[in-house]
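Colleague: Pasting in a structure now, in structure tokens, and then I'll have a few things to ask.
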Ligand SMILES: [Zn+2]
């Protein structure tokens, strides 16, 4: 009787942990990480990169470790192309201690695509992220729409 109980409770623990890890995995896959500066996280795993538009509309791309603390940019090469309605503009990115900041502001207007291309180093394959730039605040999370962390995509 006691043995049976033990087996049953062991099975219970195993099932529970399987369920828990399943849930954790699902959350990890869909959870939106809010950018620490208020921008949009381009990555789901560390090293993280955040796309943030400063008050003067300059684009900052900041790198973070798994603990979401800024990390020094190493050999990364970052390219930002704004696909504004008036035409495509490639921004010159200046290397800072914790990422890159554009020399020019984003072009006039809102609701256009911005392509952020990150290479781990000059010879690496680029990883592209496309962001719909919209700086209107979201009514729910109060972040800019491009950095919105609400579950439903607007
Ligand atoms: Zn939102």
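The values are calculated or read from the model by the stated rules, or taken from the named source; none is laboratory data. Computed from a prediction, not measured in an experiment: that's the story for all the values here. Here the Cβ positions follow ideal geometry from the backbone for every residue, glycine too, while neighbour counts run over all protein chains shown.
Colleague: Restrict the check to the range 131-148 and report whether at least one residue is over 17 Å from residue 32 (Cβ atoms) and out of contact with any helix residue (DSSP H, G or I) (no Cβ under 7 Å at 6 or more places or on another chain).
Modeller: No, there is no match, as no residue in the range 131-148 is over 17 Å from residue 32 (Cβ atoms) and out of contact with any helix residue (DSSP H, G or I) (no Cβ under 7 Å at 6 or more places or on another chain).
Colleague: Just the residues that are surrounded by fewer than 16 Cβ atoms within 10 Å (Cβ to Cβ) and within 16 Å of the ligand (Cβ to nearest atom), please, taken from the range 111-148.
Modeller: Within the range 111-148, 111, 132, 135, 136, 137, 139, 140, 141, 142 qualify.
Colleague: Quick check on the range 64-82. Is at least one of its residues in a loop (DSSP other than H, G, I, E, B), touching a helix residue (DSSP H, G or I) at 6+ places or on another chain (Cβ under 9 Å) and touching a residue at least 40 places away in the same chain (Cβ under 8 Å)? Steps first, please.
Modeller: Of the range 64-82, the ones in a loop (DSSP other than H, G, I, E, B) are 65-69, 71-76.
Checking which are touching a helix residue (DSSP H, G or I) at 6+ places or on another chain (Cβ under 9 Å) leaves us with none.
No: zero hits.
Colleague: Just give me the residues in the range 94-108 being exposed (fewer than 12 other Cβ atoms within 10 Å of the Cβ) and outside any strand (DSSP E or B), in sequence order.
Modeller: Matches in the range 94-108: 97, 108.
Colleague: Just one of 152, 56 is at pLDDT 95 or above and either within 16 Å of the ligand (Cβ to nearest atom) or not in a strand (DSSP E or B) (or both); which is it?
Modeller: Working: 152 fails: at pLDDT 95 or above.
Only one candidate qualifies: 56.
Colleague: If I ask for residues that are modelled with pLDDT of 95 or more and farther than 23 Å from residue 122 by Cα, which ones from the range 74-86 would you list?
Modeller: 83, 84, listed by residue number.
Colleague: While we're on this one: As an exercise: evaluate residue 88 against (1) part of a loop (DSSP other than H, G, I, E, B); (2) surrounded by fewer than 13 Cβ atoms within 10 Å (Cβ to Cβ) and give the number of the one condition it does not meet.
Modeller: (1) is the only condition that residue 88 fails.
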